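Trainee: Have a look at this one.
The values are calculated or read from the model by the stated rules, or taken from the named source; none is laboratory data. Worth saying up front: this structure is predicted, and the values here are computed from it rather than measured. Cβ sites come from the backbone with ideal geometry, for glycine too, and all protein chains shown count toward neighbours. Heavy atoms of the whole protein, side chains included, go into the accessibility calculation; ligands, DNA and RNA do not. Shrake-Rupley method; radii C 1.70, N 1.55, O 1.52, S 1.80 Å.
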Amino acid sequence: MKIIGSYVSPYVRKVLACLELKGLAYEIDPITPFYGDDRFEQVSPLRRIPVLIDGDLTLCDSSVICAYVDDAYPDRPLLPADVKDRARARWLEEFADTRLGDVFIWGLFYQKVVHPIVWKQPGDTARIEKSLTSDIPAALDYLESQLPADGFLFGDIGLADIAVASFFRNAAYAGFEPDAGRWPRTAAFVARAFAHRAFAALEPFEQAQVRSNPAGRRAALLEAGAPLAEDSLGAPTPRPGVMTL
Ligand SMILES: N[C@@H](CCC(=O)N[C@@H](CS)C(=O)NCC(=O)O)C(=O)O
């Protein structure tokens, strides 16, 4: 299996943590989506990551990819067995991908981290302010009402836990940590999830990606032991995405 996408993306991290949980080997082309070449656009028409290539199958979208992986490799299921629990897990995955993605990625991480680095311009300060003062607190109030005081959502860690927790890594890169006084369940849940091997196994590769510059990135990732693909769909200059942010 091949994954296209950077270790720093919350959606790529979600897929990789699920592969770790299932003990499935993969190789990775860890590109930032804006730096994808023409071949990237052929496999990812929205110019988004992650992409999964498994033999003759090419898939986009982390939820589609995780559902396929769970169907094709059913050992260590990602969803709980009970029908209502499964439905709730899918909803929390969707809430994470859509709303946590909106408030943490587009509202914060993209504005504070990606925009200055990729487009060499400051991000939207009004949007950052709105994210921090109203959008993120509202999302975390909801999460606080859903997350368990101990353990994970449906017993052992699964897709919904991974989808939710993954966004908090990017929030931290943008300087936001959940206040344990205001959202105690959320703060403790995120710490538990990141201590789990599904996330902990990815940490050295992610740090190698974050700490290296583009010229030294491949060497840094190889040195950290990342299973890099031979070929890359990366390009030297960024291009805008095709979706409105
Ligand atoms: N719904 C998609 C979202 C993927 C996504 O937005 N990925 C970001 C990286 S974190 C991306 O590729 N952004 C580039 C763009 O939108 O132009 C999924 O779950 O995979």
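Trainee: Does Ile49 meet the test of being within 14 Å of the ligand (Cβ to nearest atom) and either touching a helix residue (DSSP H, G or I) at 6+ places or on another chain (Cβ under 9 Å) or under 23 Å from Phe194 (Cα atoms) (or both)? Before you say what the answer is, go through the steps one by one.
Mentor: Values: within 14 Å of the ligand (Cβ to nearest atom): yes; either touching a helix residue (DSSP H, G or I) at 6+ places or on another chain (Cβ under 9 Å) or under 23 Å from Phe194 (Cα atoms) (or both): yes.
So Ile49 fits the description; yes.
Listed here are the residues, each with its yes/no results for (1) in contact with a strand residue (DSSP E or B) (Cβ under 7 Å, 6 or more places away or on another chain); (2) in contact (Cβ under 8 Å) with a residue 60 or more places away in the chain; (3) in a helix (DSSP H, G or I); (4) closer than 17 Å to Glu20 by Cα.
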{"residue": "Ile162", "(1), (2), (3), (4)": "no, yes, yes, yes"}
{"residue": "Ser166", "(1), (2), (3), (4)": "no, yes, yes, yes"}
{"residue": "Asn170", "(1), (2), (3), (4)": "no, yes, yes, no"}
{"residue": "Gly181", "(1), (2), (3), (4)": "no, no, no, no"}
{"residue": "Ala187", "(1), (2), (3), (4)": "no, no, yes, no"}
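Trainee: Condition test on Leu57, is it of a type in the set (A, V, I, L, M, F, W, C) and closer than 24 Å to Ala96 by Cα? Steps first, please.
Mentor: On the way: of a type in the set (A, V, I, L, M, F, W, C): yes; closer than 24 Å to Ala96 by Cα: no.
In short, no.
Trainee: Can you confirm whether region 7-17 contains a residue that is more than 15 Å from the ligand (Cβ to nearest atom), touching a residue at least 40 places away in the same chain (Cβ under 8 Å) and out of contact with any strand residue (DSSP E or B) (no Cβ under 7 Å at 6 or more places or on another chain)? Steps first, answer last, please.
Mentor: Residues of region 7-17 that are more than 15 Å from the ligand (Cβ to nearest atom), as a first pass: none.
Taking every residue of region 7-17 in turn, none turns out to be more than 15 Å from the ligand (Cβ to nearest atom), touching a residue at least 40 places away in the same chain (Cβ under 8 Å) and out of contact with any strand residue (DSSP E or B) (no Cβ under 7 Å at 6 or more places or on another chain).
Trainee: Confirm whether Thr32 is free of Cβ contacts under 8 Å to residues at least 60 places away in the same chain, open to solvent by 30 Å² or more (accessible area, probe 1.4 Å) and polar (S, T, N, Q).
Mentor: no
Trainee: When you check Ser131 against the structure, is it among the polar types (S, T, N, Q) and more than 21 Å from Asp97 (Cβ to Cβ), yes or no?
Mentor: Values: among the polar types (S, T, N, Q): yes; more than 21 Å from Asp97 (Cβ to Cβ): no.
Considered against the rule, which asks whether it is among the polar types (S, T, N, Q) and more than 21 Å from Asp97 (Cβ to Cβ), Ser131 comes out as no.
Trainee: Out of Arg86, Arg90, which single residue is basic (Lys, Arg), out of contact with any strand residue (DSSP E or B) (no Cβ under 7 Å at 6 or more places or on another chain) and either within 14 Å of the ligand (Cβ to nearest atom) or open to solvent by less than 40 Å² (accessible area, probe 1.4 Å) (or both)?
Mentor: Matching residue, one of Arg86, Arg90: Arg90.
Trainee: If I go through region 55-69 residue by residue, how many of them are more than 7 Å from the ligand (Cβ to nearest atom) and open to solvent by less than 30 Å² (accessible area, probe 1.4 Å)?
Mentor: Summing the residues that are more than 7 Å from the ligand (Cβ to nearest atom) and open to solvent by less than 30 Å² (accessible area, probe 1.4 Å) in region 55-69 gives 3.
Trainee: On to the next question. For region 201-245, enumerate the residues that are surrounded by fewer than 11 Cβ atoms within 10 Å (Cβ to Cβ) and either within 16 Å of the ligand (Cβ to nearest atom) or not in a helix (DSSP H, G or I) (or both).
Mentor: Asn213, Gly225, Glu230, Asp231, Pro236, Thr237, Pro240, Met243, Thr244, listed by residue number.
Trainee: What number of residues in region 32-58 are more than 25 Å from Ala72 (Cα to Cα) and touching a Ser or Thr at 6+ places or on another chain (Cβ under 8 Å)?
Mentor: 4
Trainee: Considering only residues that are near the ligand (Cβ under 10 Å from one of its atoms) and among the hydroxyl-bearing types (Ser, Thr, Tyr), look in region 29-46 and name the one that is modelled with the lowest pLDDT.
Mentor: Thr32
Trainee: Going by what's in this entry, would Arg185 be described as open to solvent by 50 Å² or more (accessible area, probe 1.4 Å), touching a Leu at 6+ places or on another chain (Cβ under 6 Å) and more than 14 Å from the ligand (Cβ to nearest atom)? Don't jump to the end; show me each part of the working.
Mentor: On the way: open to solvent by 50 Å² or more (accessible area, probe 1.4 Å): yes; touching a Leu at 6+ places or on another chain (Cβ under 6 Å): yes; more than 14 Å from the ligand (Cβ to nearest atom): yes.
So Arg185 fits the description; yes.
Trainee: Residue pairs, Cβ under 6 Å, 6 or more apart or interchain, first in region 201-226 and aromatic (Phe, Trp, Tyr), second open to solvent by 30 Å² or more (accessible area, probe 1.4 Å). List them.
Mentor: Note: pairs meeting the criteria are Phe205/Ala224.
Trainee: Follow-up question, since we're still on this one. Filter region 189-200 for residues that are in contact (Cβ under 8 Å) with a residue 24 or more places away in the chain and part of a helix (DSSP H, G or I) and give the result.
Mentor: Step one: list which residues in region 189-200 are in contact (Cβ under 8 Å) with a residue 24 or more places away in the chain, which gives 189-190, 192-194, 196-199.
Correct list: Phe189, Val190, Arg192, Ala193, Phe194, Arg197, Ala198, Phe199.
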